[in-house]
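One structure is given here, and the rest of the page talks about it.
The values are calculated or read from the model by the stated rules, or taken from the named source; none is laboratory data. Because the structure is predicted, anything quoted here is derived from the model rather than measured. Glycine gets a Cβ as well: all are built from the backbone with ideal geometry, and neighbour counts include every protein chain shown. Heads up: the accessible areas ignore ligands, DNA and RNA and are worked out on the full protein's heavy atoms, side chains in. Shrake-Rupley method; radii C 1.70, N 1.55, O 1.52, S 1.80 Å.
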Amino acid sequence: MKILVYIQQDEGKINSVSLEALKGSQEIAAQTGGTVSALSFNSDITSQLAGYNVSEVLLAEDDNLNIFNPLFYLKAMEDIAKAESPDIIVFGHSYEARDWAPRLSARLDIPLISDCIGFKMEDKLTFIRSIYQGKLNSDSVVNKGAFIVSFQSGAFRVDGLQSGSAEIRNVTVDLSGVSDSISPEEKFQEAEQAVDLTQADVIVSVGRGIGKEENIEMARELSKTLGGEIAASRPVVDAGWLESSRQVGSSGQTVSPKLYLALGISGAIQHVVGMKGSKNIVVINKDANAPLFEIADYGVVGDIFEIVPKLISVIQGS
Amino acid sequence: MKICVLIKQVPDKDSSLTIADDHLTLVENNITWVSNESDNYALEEALLLKEKHGGEVIACTLGKDSARQVLKDALAKGADRGIFISDSSFDNLDVLSLGKVIASTLEKENFDIIMSGLQSDDQGNSQLGLILAELLNMSHGSLVMGTEIIDDSTIRVKKELEGGWFQWTKLSLPASISIQSGINSPRYATLKGIMMVKKKTVDDVTASDISSDALESNVTINKIYVPDKTKETQFIEGSPEEISEKLVELFKNDIKVLN
Ligand SMILES: Cc1cc2nc3c(=O)[nH]c(=O)nc-3n(C[C@H](O)[C@H](O)[C@H](O)COP(=O)(O)OP(=O)(O)OC[C@H]3O[C@@H](n4cnc5c(N)ncnc54)[C@H](O)[C@@H]3O)c2cc1C
């Protein structure tokens, strides 16, 4: 089993989801008797990669690969895949990977099993995906031939990464014929009255379960009584009920308060990555099977409209 | 602009999901079916572009018989025409093969823009928009939170990056654009819109219309199951009053966020 893992760079550093994918690649190699080659388009990254336990580090350098442009990255990977013939190409399921790995699958005409949460060795190498917004899992296998797999944030723990000393090998890519039909501009952050949720000790976070805009007030009152900040999952922000700087999750803020009190949030991975580091997670949800209970320290199966008003009055009375 | 919007029918988020005895499918009678959330935003964005720049919006779905409903809903909201791709031989195809089926259906239409939601709330592969871009030789943008037509051959899209960052990107048309939720406020169908549905056409496409010879799936799902619980969550029970008392004790004595 020849595994090629693509390592994404973020401002000269190894992207954290890519590093987890490297760990996953090492684990697959260990269980299948395979080898791992780690690929980057950046020489700062390849020198960092050389310190890990991989068979070799591949470096493809070209001015067109300095910043992410899917069409150039695709052609580079296409050339490398043809030259190296890996059995598996591994990605971390970052937003950047979302913007080129599926197209690579179509270009190479091999399947992509995306956003996996792990793998296991049964009769065949089996990949585990989280489906229906975290409510169920599925086991997938590839019938034949090479394939691509991407792993979700948190799929592997990088503290177990084995170190080593690998050679760096330069590989050539030919980007001369790549179309300029996609041209990215500068990255930016929206200038708005940013609420800094990262400093809050207490966060009361509301999800779609809050039902309608008028009900936000109840949660705001609870957050005030607890001396905390109000935050939300994406649908609440999408609906315009709270400003976007209060969104917690992969496209919002990452928080780690002493208390994260979640009201009517189901626990999709994109929310969980933003709050799983909280010291104490308390979840109130009427669905006992809501995935967020899985990471809760304390759980209440119940209706927020029955519990929250009582909770406010008990706190105020104490 | 000739715009195609891809819409998938998925279980409503509040449906309780029961796995059938085959360990592969869901028991369907307790499921409420709806249009996938981000696809609703994609449809709205397409309708807004049409209102501003003229053109045509065609809604397309691939699914079981019941999925005709998502096309009716899209037509009621203002889409001009529908394409319904359905055949039992598509049931177990992987997403790349489904991409081939859809690409071979859409190819002859020469769309300027294909819009899709970035991820379906059922399988969540997040791949189709980009697969179509490759198969139909289009530019692409994913996680899109804003669009702006520059001229007949260019659209500018605002892409969402991680952690609150964004990036505008220029795409040459034709382009396949995957829309992120929150980009706009999807409209509801009006009574007049619902009345209009009967006058609009839906073209049916089955396996016999598909020119693609690669209709074999290379990925097999062996089973679906409820994830194992790994964490010991301490559950607090009782009446709302009792629960509130216990939570306050917890906030005071254990978590120490109240005096
Ligand atoms: C690329 C990408 C990025 C994303 N980024 C983010 C992000 O940054 N942050 C984010 O949050 N999401 C993000 N999402 C969306 C994410 O996938 C989920 O759709 C979202 O987190 C779901 O929000 P929710 O839990 O509030 O809603 P739902 O999943 O609809 O859950 C609502 C919950 O409320 C419960 N409920 C309903 N009524 C009551 C009641 N009366 N009492 C108690 N409980 C009740 C229900 O049982 C249910 O569990 C992203 C998605 C994608 C694809």
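Some values worked out for this structure:
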| item | result |
| --- | --- |
| Identity of the residue in the stretch B:8-23, touching a Ser or Thr at 6+ places or on another chain (Cβ under 9 Å) and away from the ligand (no atom under 16 Å from the Cβ), that ends up farthest from the other protein chains (Cβ to nearest Cβ) | B:Q9 |
| Residue tally, condition open to solvent by 40 Å² or more (accessible area, probe 1.4 Å), within 9 Å of the ligand (Cβ to nearest atom) and in a loop (DSSP other than H, G, I, E, B), over the stretch A:208-237 | 1 |
| Selected residue [in a helix (DSSP H, G or I) and either over 30 Å from A:G267 (Cβ atoms) or more than 7 Å from chain A (Cβ to nearest Cβ) (or both)] from B:S217, B:S178, B:S208 | B:S208 |
| Hits in the stretch B:210-236 - residues which are without any contact (Cβ under 8 Å) to a residue 24 or more places away in the chain and touching a Gly at 6+ places or on another chain (Cβ under 9 Å) | B:P227, B:T233, B:Q234, B:F235, B:I236 |
| Within the stretch B:103-139, tally of residues that are under 23 Å from B:H53 (Cβ atoms) and at the interface with another protein chain (Cβ under 7 Å from one of its Cβ atoms) | 2 |
| Qualifying positions in the stretch A:74-115 - of a type in the set (S, T, Y), open to solvent by 10 Å² or more (accessible area, probe 1.4 Å) and part of a helix (DSSP H, G or I) | A:Y95 |
| Enumeration of residues in the stretch A:249-266 that are within 11 Å of chain B (Cβ to nearest Cβ) and either open to solvent by 20 Å² or more (accessible area, probe 1.4 Å) or within 17 Å of the chain's Cα centre (by Cα) (or both) | A:G249, A:S250, A:S251, A:G252, A:Q253, A:T254, A:K258, A:S266 |
| Residue that is more than 20 Å from the chain's Cα centre (by Cα) and within 10 Å of chain B (Cβ to nearest Cβ), where the choices are A:G274, A:G299 | A:G299 |
| Considering residues of the stretch B:132-175 that are under 25 Å from A:N15 (Cβ atoms) and in a helix (DSSP H, G or I) only, the residue most open to solvent (accessible area, probe 1.4 Å) | B:E162 |
| Residue that is nearest to A:I269 (Cα to Cα) [pool: residues in the stretch B:97-131 that are away from the ligand (no atom under 16 Å from the Cβ) and either in contact with a Gly (Cβ under 6 Å, 6 or more places away or on another chain) or not in a helix (DSSP H, G or I) (or both)] | B:I131 |
| Matching residues, the stretch B:2-26, being touching a Lys or Arg at 6+ places or on another chain (Cβ under 7 Å), in contact (Cβ under 8 Å) with a residue 60 or more places away in the chain and either among the hydrophobic types (A, V, I, L, M, F, W, C) or within 30 Å of B:N110 (Cα to Cα) (or both) | B:I3, B:L24 |
| The stretch B:24-42, subset more than 9 Å from every other protein chain (Cβ to nearest Cβ) and acidic (D, E), residue nearest to B:K77 (Cα to Cα) | B:D39 |
| Considering residues of the stretch A:298-308 that are open to solvent by 40 Å² or more (accessible area, probe 1.4 Å) and not hydrophobic (A, V, I, L, M, F, W, C) only, the residue nearest to the ligand (Cβ to nearest atom) | A:D303 |
| Single match in A:G240, A:G252, A:G267 (criterion: within 12 Å of the ligand (Cβ to nearest atom) and on the phi > 0 side of the Ramachandran plot) | A:G267 |
| Output for the stretch B:181-200, where each listed residue is open to solvent by 30 Å² or more (accessible area, probe 1.4 Å), β-branched (V, I, T) and assigned to a helix (DSSP H, G or I) | B:I194 |
| Among the residues listed as A:Q152, A:Q162, A:Q133, the single one being over 18 Å from A:Y6 (Cα atoms) and touching a helix residue (DSSP H, G or I) at 6+ places or on another chain (Cβ under 9 Å) | A:Q133 |
| Residue match in the stretch B:224-240 (condition: assigned to a helix (DSSP H, G or I) and either within 16 Å of the ligand (Cβ to nearest atom) or closer than 30 Å to B:L98 by Cβ (or both)) | yes |
| Cβ pairs under 8 Å, 6+ apart, first in the stretch A:66-86 and of a type in the set (V, I, T), second assigned to a loop (DSSP other than H, G, I, E, B) and open to solvent by 10 Å² or more (accessible area, probe 1.4 Å) | A:I80/A:V171; A:I80/A:V173 |
| Count of the stretch A:121-135 residues which are free of Cβ contacts under 8 Å to residues at least 12 places away in the same chain and assigned to a strand (DSSP E or B) | 1 |
| Checklist (1) within 10 Å of chain A (Cβ to nearest Cβ); (2) more than 14 Å from the ligand (Cβ to nearest atom); (3) in contact with a Gly (Cβ under 9 Å, 6 or more places away or on another chain); (4) closer than 22 Å to A:N69 by Cβ applied to B:S185, failing item | (4) |
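Residues checked against (1) assigned to a strand (DSSP E or B); (2) within 21 Å of B:R187 (Cβ to Cβ); (3) open to solvent by 70 Å² or more (accessible area, probe 1.4 Å):
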residue: B:N29; (1), (2), (3): no, no, yes
residue: B:D39; (1), (2), (3): no, yes, no
residue: B:A42; (1), (2), (3): no, yes, no
residue: B:E45; (1), (2), (3): no, yes, no
residue: B:E51; (1), (2), (3): no, yes, yes
residue: B:V57; (1), (2), (3): yes, yes, no
residue: B:S66; (1), (2), (3): no, no, no
residue: B:Q69; (1), (2), (3): no, yes, yes
residue: B:G82; (1), (2), (3): yes, yes, no
